[in-house]
Amino acid sequence: MSEAGGSDVPLTMAAVPEDPDWPPPEFNVGMAHPARVYDYFLGGKDNFAADRALGDALTEQIPSAPYSARANRAFLGRAVRYLVKERGIRQFLDIGTGIPSAGNTHEVAQAIAPQTRALYVDNDPIVLAHARALMSSNTDGTTAFIQADARDPGKILADPALRETLDLAEPVALMLVSILPFFRDDEKPQRIVSTLLDALPSGSYLTISHITADFIKPEQAANAVAAGQQSGVTYVPRTQAEVASFFSGLDLVEPGVVPILTWRPDDGEPADPHAASHYAGMARKP
């Protein structure tokens, strides 16, 4: 793995000498980025010293942080499979994509319904570079990527790639998996969610996972948030009620907003439902 400020950029994905777009011009290896910290927690190779330093600082305060990241990834797979198998969804708008790895939204969906379409959105230029190499779609389906910031949902909705990829006359699954914690309340995350949902038709679904401090000591949460702030990364843990508020006006899918390990688990109820510090939920737009 590359060190911050060094030239040994990882060559595992799209970072190849023949690629004229590598390294991305806006890519700063000296500053931590949530997508790359998440990649580090998942055991990936596309992270740098600054990302690992923040990941280690978070783990020092919350030892379960890497496990929670893996639990969040597993939830994404369960949610996508449920939407495709049980609800007949064939279109996904995935905001805060992160660095591509095994089990991306379109891969899970297209393994069940090859014609599924997926549009990914992330603001990290390294994600775009990797997306070009890895997000190849099943020939019956479609995938596309927008480099944009969720703080400006209007820009996402106005991007031509959205209507080229998704048919807004048909239901769309809006995936906000572990992205809302990066927005402070004064950045109006409720507005982000409502603006995106307002553009989607009846029968669409909203899926959210969100970090919480409900299952850890207050001082652990405070120290973790402070570690993020020192690295330039915002973390806003929210309570169950606060996460549930994002689903206001929607029809919640059972079991509602619950600890992430208990949202339709594949292998029965977990021994410790609070072992991962996330809530998860899904709801349908009437």
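Here, each number is a calculation from the coordinates, and none is a lab measurement. All values derive from a computational prediction rather than experimental measurement. In this analysis, Cβ positions are derived from the backbone assuming ideal geometry, glycine residues included, and neighbour counts consider all displayed protein chains.
Filter the chain for me: DSSP H helices, axial length by Cα at least 15 angstrom, mean Kyte-Doolittle hydropathy not below -1.0. List them by residue number. Span-like helices here: 49-61, 65-85, 218-230.
Here are labelled values, (1) 18.5; (2) 19.2; (3) 19.9, and one is the computed Kirkwood radius over Cα pairs in Å for what I pasted. Which one? Of the listed options (1) 18.5; (2) 19.2; (3) 19.9, (2) comes from this structure. Among 105, 262, 97, the largest mean-square fluctuation in a Gaussian network model of the chain, built with springs joining Cα atoms closer than 10 Å, belongs to 262.
Ignoring lysines fewer than eight residues from residue 188 along the same chain, the ones with Cα atoms less than 20 angstrom from its Cα are 155. Under 5 Å from the amide H of residue 205 lie the amide H atoms of 172, 173, 174, 285, each residue being 5 or more positions distant or on a separate chain, with H modelled from the backbone and absent for Pro and chain starts.
Considering only beta bridges that DSSP places wholly inside the chain, some 35 percent are antiparallel.
Note on residue 248 and residue 152: the extension gain reaches 32.5 nm, defined as 0.36 nm multiplied by sequence separation minus the Cα-Cα distance.
Using the beta-carbon distance between residue 86 and residue 163 and R0 = 35 Å, what value does 1/(1 + (r/R0)^6) give for FRET efficiency, to the nearest 0.05?
On the way: r = 27 Å, r/R0 = 0.77.
Approximately 0.85, to the nearest 0.05.
Compared with the rule-of-thumb size 2.2 N^0.38 Å for a compact globular protein, segment 175-257 has a Cα radius of gyration ratio of 1.19. Around the amide H of residue 96, modelled in the peptide plane, lie the amide H atoms of 121, 122, all under 5 Å away and 5 or more residues distant in sequence or on another chain. Using a cut-off of 30 Å between alpha-carbon atoms, which lysines can reach residue 85, once sequence neighbours fewer than 8 places away in the same chain are excluded? Candidates past the 8-residue exclusion: 285.
Structural descriptor for the chain: relative contact order 18 percent, calculated from alpha carbon pairs under 8 angstrom and at least 6 residues apart.
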